[in-house]
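Below: one structure, written as structure tokens.
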Amino acid sequence: MTMALIETVNIGQKYAGQYILKDVNLNINRGEVFALIGPTGAGKTTLLRLLDLLEVPASGSVYFDGMDVTDNKSLRLQARRRMSFVLQKPVVFNMSVYNNVACGLRWRREKEATIRQRVSRALELADMAEYINRNARTLSGGETQRVAIARALAVAPEVLFLDEPTANLDPISTSKIEEVLAHIIGDQKTTVVMATHNMSQGQRLADRIGVIMNGEILQTGSPGDIFSTPQKKEVAEFVGVDNILSGVIVNRDNELVTIDIGGNLIQAISDYPIGEEVHALIRPEDITLAPRKDASSARNTFEGRIARIFPVGALVRVEVACGFPLLAVVTKRSAEDLSLAVNKRVYATFKATAVHIIKRWN
Amino acid sequence: MTELWEGLVTAVKLIISLDPEVMEIAGRSLAISATSSTIAALICLPLGAVIHSNKFPGKRTLINIVQTLFSLPTVAVGLFVFVLFSRAGPIGGLDIMFTPVAMVIGQVILISPIMLGLTISALSGVDKAIADTAISLGASGLQTAVITLREARFAVLAGLIMGFGRAISEVGLSLMVGGNIAGFTRTITTAISLETSKGDLELALALGIILIVIALVINLVLNRVQQR
Ligand SMILES: Nc1ncnc2c1ncn2[C@@H]1O[C@H](COP(=O)(O)OP(=O)(O)OP(=O)(O)O)[C@@H](O)[C@H]1O
Ligand SMILES: [Mg+2]
């Protein structure tokens, strides 16, 4: 087995005597784009700081390219010089943009000619070339972010850490920065580790996602896996599975199971045995609404009344009360075609294969 | 009253005519205080960076003590240096009592707490993210200290100027360990305090005016620096 570029073994971190990161075992592979997603306060920044060797873990070990860099000072500096980090709230030094971007190279004692060439290339990549002589302290938030990215790129890192690279930016700056990142990811052979609380950004940019909550990595996998088959209720909630129904498996016919959700029976595909307490996860976009019952092959059809309707962008979210609340998403167009309105009677339908079953953990 | 007025007129004439004695004394004052400020700065900048960037037990207490020493009485330092270097003292053999060297040593002791304390507080005014950024970009411990000092440069410079101001304006210490020897250890402040009592009011007034001008210049520079 080839060794991962960065590997953590049971690392934990505590502040003021309290563990805020527990037993994290994570492998970052050379060349991949890994996104750490999780809600605010989950420990994303703390984990990135441990991986970038800005902090020494309270417990566990960190390996970089096969070296144990947990607490050896000179090895840590050596390893750190092969990485760079764009902080969540980037700061610039009180000097010109050029000198800011040159800092990392000067500290590595590169030649002035090399520095000049690498700085201008990094600034071009970040679309900041025209600001080269400005004092960096006079830049706007989005410009500061891009200088910080250029500064991190200039040292040609093997691993680039990005902590919420687009948080607090408007949509245009966000897409500009995502463009820059997509370029780096596509163009260079840099390993990228980013933290974000934006699931869709993770999906757009990452090869692999790790979901972190309360200082623990709950699940790692491809964006598709995380999105379609979350393994825990918390992950499901976080990735936008709005229908999480608790029930018990009451019948089984090969792999087709029947689940009792407080008196309502739904059918799904699962390996769990009869009697197992489970969550049934149904994505709102997998539910169709119709004015009358039709004879589709879908096994689950429930009659109910519309409890709430609210528009979200070009879509409409519809909450149907059918013995249990079911959230569906339809386009504005079909909401009009169906003339959906509060209190109107509808039939909500979803396939047995659209239901993802996970064991209840508590 | 007329005596004072005539004294003032003569004093101004002494300054305008660049009287050799006045110039020599003023020049010596500046040289001694500049030397002690430079030495103190060379000690306090690195020491301040080390104290700032390391965690150790008693750090808070140490900083408190340093701040208390800001108002160290000049005569106390004078007494200390006197005891240390006088013939009977532990290193009396060096024979530096009543020389500019003793004065410089005394002034370094006097102003180091100010420079050290203000350097540390200047550094703690720098965003913690500056050091993190430097470290993440591959800076060593020394390189991180240098960039942090650079970020705090105006506040650090203000601290150094404060130290120089204290050195050039103190009198008790210079008198005790320098001895106001004409042409050797006589400085603006020691000359004023001793010549006044001897009745040489013109010289004292001229030197007093120069000292006030120096203090004014220091304040102007300090204001400019602190406004950055
Ligand atoms: N230096 C510190 N001292 C005390 N507590 C801290 C410190 N740094 C972080 N914490 C706490 O640790 C937890 C994790 O913080 P962290 O910054 O890693 O979260 P995060 O996932 O990056 O959150 P966000 O999305 O808001 O940036 C939080 O509860 C935070 O308050
Ligand atoms: Mg964070």
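Looking across the stretch A:22-64, the residues that are farther than 18 Å from A:Pro165 by Cβ, open to solvent by less than 10 Å² (accessible area, probe 1.4 Å) and away from ligand 2 (no atom under 16 Å from the Cβ) come down to A:Leu26, A:Leu53, A:Val62, A:Phe64.
A count restricted to the stretch B:125-155 and to residues that are more than 7 Å from every other protein chain (Cβ to nearest Cβ) and either within 17 Å of B:Pro46 (Cα to Cα) or in contact with a His (Cβ under 6 Å, 6 or more places away or on another chain) (or both) stands at 15. Might you let me know whether the stretch A:349-358 holds any residue that is open to solvent by less than 80 Å² (accessible area, probe 1.4 Å) and farther than 22 Å from A:Ala236 by Cα? The answer is no; no qualifying residue exists.
Can you tell me which of A:Gly202, A:Gly240, A:Gly210 is open to solvent by less than 50 Å² (accessible area, probe 1.4 Å) and in a strand (DSSP E or B)?
A:Gly210
Count of the stretch A:345-362 residues, restricted to those that are within 21 Å of A:Gln267 (Cα to Cα), of a type in the set (D, E, K, R) and part of a strand (DSSP E or B), is 1. Among the residues of the stretch A:182-199, those that are more than 16 Å from ligand 1 (Cβ to nearest atom) and under 30 Å from A:Asp23 (Cβ atoms) comprise A:Ile185, A:Thr190, A:Thr191, A:Val192. The helices (runs of 4 or more DSSP H) found entirely in the stretch A:83-185 that carry 3 or more residues being within 11 Å of chain B (Cβ to nearest Cβ) and open to solvent by less than 10 Å² (accessible area, probe 1.4 Å) are A:97-107, A:141-154.
Residue-level analysis places B:Val217 among those that are under 17 Å from the mean Cα position of the chain (by Cα) and open to solvent by 50 Å² or more (accessible area, probe 1.4 Å). Has the stretch A:45-59 got at least one residue that is more than 20 Å from the chain's Cα centre (by Cα), farther than 21 Å from A:Leu87 by Cα and outside any loop (DSSP other than H, G, I, E, B)? Looking for residues that are more than 20 Å from the chain's Cα centre (by Cα), farther than 21 Å from A:Leu87 by Cα and outside any loop (DSSP other than H, G, I, E, B), one finds at least one in the stretch A:45-59, hence yes.
Listed by position, the strands (runs of 3 or more DSSP E) contained in the stretch A:255-344 that have at least 3 residues being open to solvent by less than 30 Å² (accessible area, probe 1.4 Å) are A:256-261, A:277-282, A:300-312, A:315-321, A:325-331.
Of everything in the stretch A:27-54, what is more than 9 Å from ligand 1 (Cβ to nearest atom) and under 21 Å from B:Ile130 (Cα atoms)? Give them in sequence order. Scanning the stretch A:27-54 gives A:Leu50, A:Leu51, A:Asp52, A:Leu53, A:Leu54.
Restricting to the stretch A:84-142, give me the number of residues that are more than 16 Å from ligand 1 (Cβ to nearest atom), of a type outside the set (Val, Ile, Thr) and touching a strand residue (DSSP E or B) at 6+ places or on another chain (Cβ under 8 Å). Going through the stretch A:84-142 one residue at a time, the tally reaches 9. Number of residues in the stretch A:60-82 that are in contact (Cβ under 8 Å) with a residue 24 or more places away in the chain and either within 13 Å of chain B (Cβ to nearest Cβ) or assigned to a loop (DSSP other than H, G, I, E, B) (or both): the value is 6.
The values are calculated or read from the model by the stated rules, or taken from the named source; none is laboratory data. None of the values given here were measured: they were computed from a predicted structure. Heads up, the Cβs are rebuilt from the backbone with ideal geometry, glycines too, and the neighbour counts pull from every protein chain shown. Only protein heavy atoms, including side chains, enter the accessible area calculation; ligands, DNA and RNA are left aside. Shrake-Rupley method; radii C 1.70, N 1.55, O 1.52, S 1.80 Å.
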